[in-house]
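Values quoted throughout were computed directly from the atomic coordinates according to the rules given, and no laboratory measurement underlies them. No experiment lies behind these values; they were computed from the predicted model shown. Cβ coordinates were reconstructed from backbone atoms using ideal geometry, including for glycine residues, and neighbour counts include every protein chain displayed.
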Amino acid sequence: MFDPVLLKTFLAVIETRHFTEAGKKLGLSQPTISQHIRRLEAAAGRALLARDTHKVEPTADGNVMAGFARDIVEANQRASDYFTDGAPRTHLHFGVSEDLVLTKLPEILRGFTGANPQIELHLTVGLTGMLYDRLDSGRLDLVFAKRRREDIRGRLIWRERLSWIASRHMAWDPAAPVPLVLYASPSITGDLAVEALNRQGRQWYLACSSGSLSGIRAAIEAGLGITAQSNLLLSGDLVKLPEDQGLPELDPVEFVVVGRSAHLHGASAALAAVIAAQAPSLWPMAAEQAQG
């Protein structure tokens, strides 16, 4: 077992790249910092830091240890907070795309907060572009949304092919230009819809543009046009258009959980793990809807 005190010292050295600066950060002397690192390396049986007169760098094993150390230190702190009266709660700022709140995700979040009372969850619901902007600016810790096609970040949770969706009562001429109902640009689903129609050489026009899912849904229910969206939108009078309408096949879209960094830890890692484990329940007709 690794002593959390030694791990905390090791992380301070990794962050500051200097023994003396790490000591200042922790309120410890430089000899004490050195002693902690020696004890940790002895426990690991590996050299964790490469030192010279100018800088301190983690070795390959040191980089691996850093990942474990963050998890151990944060888990230790969460346990301490939970059993300490009046201890500060962990705040997790979580962003979710609008279509996902139509699923059983609220139930998953309720279960997560119930099992982790020390975590205070702050939820932001919005369009994917806005969520990514807030994540990149540090205002969100974790996002569950569609992945931008140019983005490689995130843990893949679900992949499905978008569907053409309209009101079951809508009457339109499949030979006429396609009346589109789209999110205001930029939009992942909107871009995929337009690109598919352009590849087919199909004429289209923008019948309605909205900045919210409720606006998109209202326009479709009113029969103003059709949209390209996840099957999560299918309910009530909204139906998937059949293939004989002559519309082009849409590309798949990926739903991912994305954190501020590639390595999730603490509350973000815990929630991401719960979402990954329970994701199939969000898509009830998984076997029919999943593509690829």
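Taking every C-alpha pair closer than 8 Å and separated by at least 6 residues, the mean separation divided by the residue count of region 163-250 gives a relative contact order of 48 percent. A simple spin-label model places the labels of residue 263 and residue 20 2.7 nm from each other, with each point 7 Å out along Cα-to-Cβ. Can you pull the one-decimal nm distance between simple spin-label points at residue 281 and residue 50, each 7 Å off the Cα toward Cβ? With each label point 7 Å from Cα toward Cβ, the separation is 4.7 nm.
Annotation: peptides 199-206, 234-241, ranked by per-residue average of other Cβ atoms within 10 Å with the highest first, follow the order 234-241, 199-206. Between residue 110 and residue 235, the FRET efficiency from the beta-carbon distance, with R0 = 25 Å, is close to 0.75. Other residues within the sphere of radius under 14 Å centred on the Cβ of residue 274, judged by their own Cβ, net out at +2 (K and R +1, D and E -1). If the chain linking residue 76 and residue 176 were pulled fully straight, counting 0.36 nm for each residue of separation and taking away their Cα-Cα distance, it would gain 29.7 nm. A viscosity of 1.002 mPa s and a temperature of 20 °C, combined with the Kirkwood radius over C-alpha pairs in the Stokes-Einstein formula, give region 163-250 a diffusion coefficient of 168 µm²/s. Taking amide H atoms as placed 1.01 Å from N in the peptide plane, the amide H of residue 96 lies under 5 Å from those of 124, 125, 126, 144, each 5 or more residues away in sequence or on another chain.
Subtracting the Cα-Cα distance of residue 122 and residue 245 from their residue separation scaled by 0.36 nm leaves 40.0 nm. Among 166, 145, 196, the largest mean-square fluctuation in a Gaussian network model of the chain, built with springs joining Cα atoms closer than 10 Å, belongs to 196.
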